[in-house]
Amino acid sequence: MKDRKIGIRFCGGCNAGYDRQKVVKKIKDAFPDILFEYVNPRANYMAVLVVCGCPSACARTEDLSVPEDRLIYILSFADFLPAKTKIEDICREKDDSENAKSLSIRQILQILPHREPMLLIDAVPRLIRGREITAVYKVDPAHVVLQGHFPGDPIFPGVLSIEAMAQAAGIMMLSLEDYKGKRPLLFEIKKAKCRMAILPGMEMEIHASLLKERRELGSAEVRCQIFLGEKLAAAAEITLMIR
């Protein structure tokens with residue numbers, strides 16, 4: 001793969017009888033050509049090792065932007081071989097990251113049907129069609145909605161942060177030839193959390209990755225996150241119906 005990096009996320013380590021570092025070292029030794037590092041939540045990794053000391057698997061993962069199918073859980077030494085096999089499988093896969101592209105606002109407008117004042121994407125620095133996207137949006141202090149939410153103390157509405165995530169997911173799916181020219185309709189929102197206030201002038205980094213697609217129905221379930229700098233500001237699982 002072009003960027004052979006794997007992130008590592010440890011749990012709190014309440015089980016003193018299990019040497020988590022030892023099993024991680026064993027995995028590192030098995031893949032000397034891969035860089036392992038403590039995870040940066042916003043980074044694009046080929047996978048993330050979620051290393052826990054017991055079956056409760058209490059390590060946080062909701063702030064990780066890597067797709068869920070690239071989270072490799074290690075709960076005991078018995079998970080070494082499955083984890084090794086999973087990494088080997090990932091290494092053998094076609095490297096979709098080689099096909100990652102960026103989109104300008106002009107290209108975004110050719111894909112997404114939204115327009116001002118409801119267009120909430122400025123640029124797309126990274127897109128793997130139908131699989132992953134990273135988009136950005138800087139909250140314009142002059143945006144009409146901030147005049148009333150709230151007067152004298154403007155905050156970007158949480159519902160619009162969800163809309164921004166849905167638009168990023170829409171670009172990810174509409175970039176596929178099968179969905180070209182269609183409209184992404186927001187059908188369902190699950191596990192939505194707004195963790196931080198998004199203020200005028202802040203730049204949102206929006207991540208989305210496909211959880212499940214049913215092309216015969218034109219539906220896509222997508223895991224979405226918004227980061228402000230290194231901090232997770234909002235997250236949701238969104239289902240789009242593409243018509």
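Throughout, read-outs are computed from the coordinates displayed, never taken from laboratory work. If you're wondering where the values come from, they're calculated on a predicted model, not measured in any experiment. Cβ coordinates were reconstructed from backbone atoms using ideal geometry, including for glycine residues, and neighbour counts include every protein chain displayed.
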>> Straight-line reach only, C-alpha to C-alpha below 16 angstrom: list the aspartates and glutamates that K25 could link to, leaving out same-chain residues fewer than 8 apart.
In response: D33, E37, D79
>> Quick query: amide H of A47 versus all other amide H atoms, modeled in the peptide plane; which residues come in under 5 Å with a sequence gap of 5 or more or a different chain?
In response: G7
> Which translational diffusion coefficient, to the nearest whole µm²/s, is obtained for the chain from the Stokes-Einstein equation, given a Kirkwood hydrodynamic radius over C-alpha pairs, 25 °C and 0.890 mPa s?
Replying inline: 128
>> Out of all Cα-Cα pairs in segment 5-97, roughly what percent, to the nearest whole number, are more than 21 Å apart?
In response: 26
>> Counting other beta carbons within 10 Å of each residue's own, what order do C58, C91, C11 fall into, fewest first?
In response: C58, C91, C11
>> Between segment 161-213 and segment 216-239, what is the separation of their alpha carbon centroids in Å?
In response: 6
>> Applying a 10 Å radius around every beta-carbon, put 171-180, 19-28 in order of their mean neighbour count, most first.
In response: 171-180, 19-28
>> If I take every Cα pair under 8 Å that is 6 or more residues apart in the chain, average their sequence separation and divide by the length, what percent do I get for the relative contact order?
In response: 16
> To the nearest 20 debye, what is the magnitude of the charge dipole of the chain about its Cα centre, counting +1 on the Cβ of each Lys and Arg and -1 on the Cβ of each Asp and Glu?
Replying inline: 280
> Fewest first, what order do E132, E163 take by the number of other Cβ atoms within 10 Å?
Replying inline: E163, E132
>> Which one, C224, C91, I105, is farthest towards the positive end of the dipole of the chain when Lys and Arg carry +1 and Asp and Glu -1 on their Cβ?
In response: C91
> Can you put Y18, Y38 in order, fewest other beta carbons within 10 Å first?
Replying inline: Y38, Y18
> Near K180, which lysines are there with a Cα under 22 Å away, not counting those fewer than 8 places off in the same chain?
Replying inline: K101, K212
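Compute the signed sum of charges (Lys and Arg +1, Asp and Glu -1) over the other residues within less than 9 Å, Cβ to Cβ, of E203.
Values: positive: K138; negative: D122, E205.
Neighbourhood net charge equals -1.
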> Can you give me the relative contact order of segment 5-97 as a percent, contacts being Cα pairs under 8 Å and 6 or more apart?
Replying inline: 33
> For segment 100-242, what's the relative contact order in percent, using C-alpha pairs closer than 8 Å and at least 6 residues apart?
Replying inline: 25
>> Could you tell me the extents of segment 43-103's C-alpha atoms along the three principal axes, largest first, rounded to whole Å?
In response: 42, 26, 13
